[in-house]
Structure formats: structure tokens, C-alpha cells
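Read the structure below first, then the notes.
What follows is calculated from the coordinates using simple rules that are stated; it is not laboratory data. Just so it is clear, the model here is predicted, and its values are computed rather than measured. Neighbour counts run over all protein chains shown; Cβ positions are idealised from the backbone, glycine included.
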Amino acid sequence: MGKSTREIVRSERFGEQYTVIHHFSGLDVLVWPMPGFSTTEALFATRYGSVNTCFRTAKTGDFIQVPEGIAHYLEHKLFENEDTDVFDLYAATGASANAFTSFDETAYTFSTAENWEQALEILLDFVQKPYFTQENVDKEQGIIAQEIKMGEDSPFRKSYFDLLKALYVEHPVRIDIAGTVESIAQITPELLYDCYHTFYNLHNMVLSIAGNVDIDKVEEICDRLLIPAEDQDLETRFPQEPEGVAQKRVVDKFPIGLPIFDIGFKSEPCSGLEYEYRTAAARVVLQLLIGSTSRLYQEMFDEGLINSQLGYSVFSGSGSYFSCIISGESRDPDEVFRRLCAEIERIKQEGFDEEEFSVIKKARYGSYIRSLNNVENCADSMVDSYFNGTAVFDDAEALSKLTVEDCMKALDTMFDPEKSAISIIESSLGEGMQGQEKN
């Protein structure tokens, strides 16, 4: 048996710390004991999402391409053991379990207020025991095909993915996480095993656990259950993505009452500490630009051009894509887009209000401090920062150093109207009445 080592990640600013166990199996284990909390949250995650369809290892030699949607498919199938139902095992411990697949990650989670040791044993056991047969793969194709079709019936999901297809020319982020009905029809048990053994290698994974836990006990369970793995020299590849967008405007129709929209601004991808600084700046800029206290928001809201459903986010990952997205409802989405671009140009000339910047920065910093009292957030943040190559506390450091000049630079580099696009879902209601005689 090899030897594991430990590393402490500490923030003097917040008086918080967590431990990284570099386990002899090849897995890094992140443990954040939170005395006084009654719950425990864990994630067993792999750096494998829907965008990872082209890869190679020391064994494959050349790059190979696999069908879209296979990461999500794998997540569904891993809960099926040969002789047990994983959810039944969790239920017996009092834990609730879940899983998710994103563009860049697949994670298996549990949350519990008791018996965290047994829940952790279940998590480590089933994720390391894939069981795929032709019969259960065929059965799942029908289930996921229905899920894909249901997604296509959602105007909000449709608008979002229409925007990604407008922003990105080549990058697989433009494809739905679940894939397509045609792509999942190509999935076989052999492909699932190939992708499992490639991406579910412990060197490509991380275990994160926070809450009412003991570090020594976590390590002891890992010693017993983790199966040592060899590093495969995994390398993923993405197509060369042009700087510009694929399409400036895309429109679809759904039977909805009020049109909905997604507006995106595409910029250069990044990772590591640069990601933390750029994300901190982008989030503050979005709030200054279109947040509920901003001049533009108040004007459009008072005019009835938008409603309170307006939202915004930073969309990034893999070190291969980065965009800022604004979503909402409007009787005239094109006018919202026009006004937004005009406001960007005005601020480039006049600058941000420094007092408003200070208020927003302090509020976001306070929100971050409160998040350290949330077990789920701490467990999630450890995974996110680990896959980004940073530490949990780096985003707060980036925010603390942010200046209004940084925000002006971010506005200039990350909110270029020439690298933007809008997706609109118009209402199809009433179209069937056209041409009918009125009584």
C-alpha cells in the first residue's frame, strides 16, 4: 500500500481551512470539517462533461471521437448495479442521493444528517463498479430520448441552447448536454465502458466532503474502498473556435404569453487565477450594467419593456469557453438588446459610478462570507475550484482586489457588441386565428 499525504488550504482572512488528502490511490480528497453543523454533503466528481467528446490516452494513441451525450448517459447508468438499487441503499442510511452532468463535470452526491460514514461507503463503492449490458443500455435509450424531447418542449431551454449555437461556431458547448436522439442511438455497452475507464480514472476525479465529518475517518474509508489507478495521461481536445459568433440573431416560436430572450457576449476563455479575476469582474459589471438597481434596468422596467424575471450569469468552463449571458422576458427583446448595447457604449465613455461599484462590491463580499456557513456550498466550491486549479478562497481574494478600473477593462474586453448574439422565442399564440372571419 502506498502512502497518502495531506495539505492544508487556509484563509487567514476568513479563519477557515480545509484539507486536501493526496490519496495513494491517485484520488485527491477534499475534506472541510464544520463543527457545530448537523449535516454532511459529499460529491464524487469526474472532470468529464458533455463537451468531452474528443480525447486520447496513452493507450488510445490517436484522438478518438465519441457520440454526443455519452457523459450524461453514463451518469444515468452508473446507478444501476448488478444486484442492488443504489437509491435503496442510501435510503436505508437516511441519506438523500443525486447526480448531475454539466458541460464539464459529472458528479454523484449525497446529503445526510446521520450515518455519513455508511453513505460515503455507498458512494465510493457504486461509482467504482460500472455495470452495462446491451439490455439495460437499450432500455435507457428510450428514457433519455424522452428526456431530450421534453427539453425541446421547454421554451427557456430552447432559447438558451439557441443562444449557445449562435455564439459558438465549432465548440461542442453548442450541443445539448443530453445529446440528440440520433447521437445516443450510437451508444453501446462497449463505448460506455471505454469512456468510463478513461474519465472515471481516480487521477481525473475528486472527492469533496464538508460538514459534520472527521478527516481521519474519511481517510480510513478511502483506504478501504478506493481502488488504486494508474495515470493514463488523458488529454481532451476541442475544435478551433473563431473569435466571432456564428449568428447574430436567432428566432423561434412557442405558445407563450410574452416573448423570452437570451443575450450573450462571447470572450476569450481562461482558467486558473485569471478565471477567478475575470469572473469576479464580469459578475460586478453585469450587476452594474443590468442589475435591479442599475439605471438601465430601472428605465426599462418603468417603461414596461422588461419585468422582474431578468437574470444574468457568467457561463464558462474547461478553460475553453467564456461568455456573459443575460436572460429575461420582454414585449420587444430586440429593443432590450439595442438599449443594452447603447448603455455599454455610454459607460465606456462616461465610466461606472464609483459609489455604486463600492456598494455592489461590499454586498457581494458579504454574500460570500455568508456562503461559508452553508455546507452544500462549501462542498460544491471545493470541487469547482479544484477542477479550475485554484483554491476555494481565491475568488474572494479576487473580489477584494477588484477596482472600478478593472470593471472598465472587463466591460471593454468581455462585452463587445461585435461578439454578441440574441436568441428570441416569440409567441405563436393566435397564429391559428389568422385569416379566420370575425363574428
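Projection of the Cα convex hull of the stretch 249-429, averaged over all directions and equal to a quarter of that hull's surface, yields 10.9 nm².
Extension gain, E376 to V359: 0.36 nm times the residue separation minus the Cα-Cα distance gives 3.4 nm.
Which loop-located GluC sites (Glu not before Pro) does the stretch 1-39 contain, where loop means any DSSP state but H, G, I, E or B and the Cβ has at most 15 other Cβ atoms within 10 Å? Answer in residue order: E12.
I need the GluC sites (Glu not before Pro) found in the stretch 62-92, filtered to DSSP loop residues with at most 12 other beta carbons within 10 Å of theirs.
Working: sites: E68, E75, E80, E82; in loops: E68, E82.
Those satisfying the criteria are E82.
Rounded to the nearest 0.05, what FRET efficiency do H203 and T60 have when you use their Cβ-Cβ distance and R0 = 22 Å?
Details: r = 16 Å, r/R0 = 0.71.
Efficiency for this residue pair is about 0.90.
Within the listed set A210, A71, A342, the residue fluctuating most in the Gaussian network model of the chain (springs between alpha-carbon atoms under 10 angstrom) is A342. Spacing of the modelled spin labels on S96 and L273, each 7 Å from Cα toward Cβ, amounts to 3.9 nm.
Look at where the Cα atoms of the stretch 155-200 and of the stretch 225-243 average out, and the two centres are 17 Å apart. Of the DSSP H helices in the chain, those that are both long (alpha-carbon extent of 24 Å or more along the helix axis) and hydrophobic (Kyte-Doolittle mean at least -0.5) are 272-290. With the simple spin-label model, which puts each label point 7 Å out from Cα in the Cβ direction, the E82 to D216 separation comes to 3.7 nm. Pairs exceeding 22 Å between alpha-carbon atoms, taken from K348/K419; K361/K401; K3/K59; K3/K217; K77/K217; K3/K77: K3/K59; K77/K217; K3/K77. Loop-located chymotrypsin sites (Phe, Trp or Tyr not before Pro) across the stretch 204-286 with a Cβ neighbour count of 10 or fewer within 10 Å are lacking, with loop assigned by DSSP.
Estimated at 0.36 nm per residue, the fully extended path between N115 and S400 surpasses their Cα-Cα distance by 98.8 nm. Matching the structure-derived volume of the Cα convex hull per residue in Å³ against the labelled list [x] 134; [y] 180; [z] 159 gives the label [y]. For Y48, the residues whose amide H sits under 5 Å from its own are E105, T106, ignoring neighbours fewer than 5 places away on the same chain, with H placed 1.01 Å from N. Look at where the Cα atoms of the stretch 26-89 and of the stretch 273-308 average out, and the two centres are 34 Å apart.
Quick check of the Kirkwood formula: for the stretch 1-82, what is the inverse mean of 1/r over all pairs of different Cα atoms, in Å? List each step's numbers first, then the result.
Working: mean 1/r = 0.0600 Å⁻¹.
Radius from the Kirkwood sum: 16.7 Å.
Note on A342 and R237: their simple-model spin labels are 4.8 nm apart, each label 7 Å out from Cα toward Cβ.
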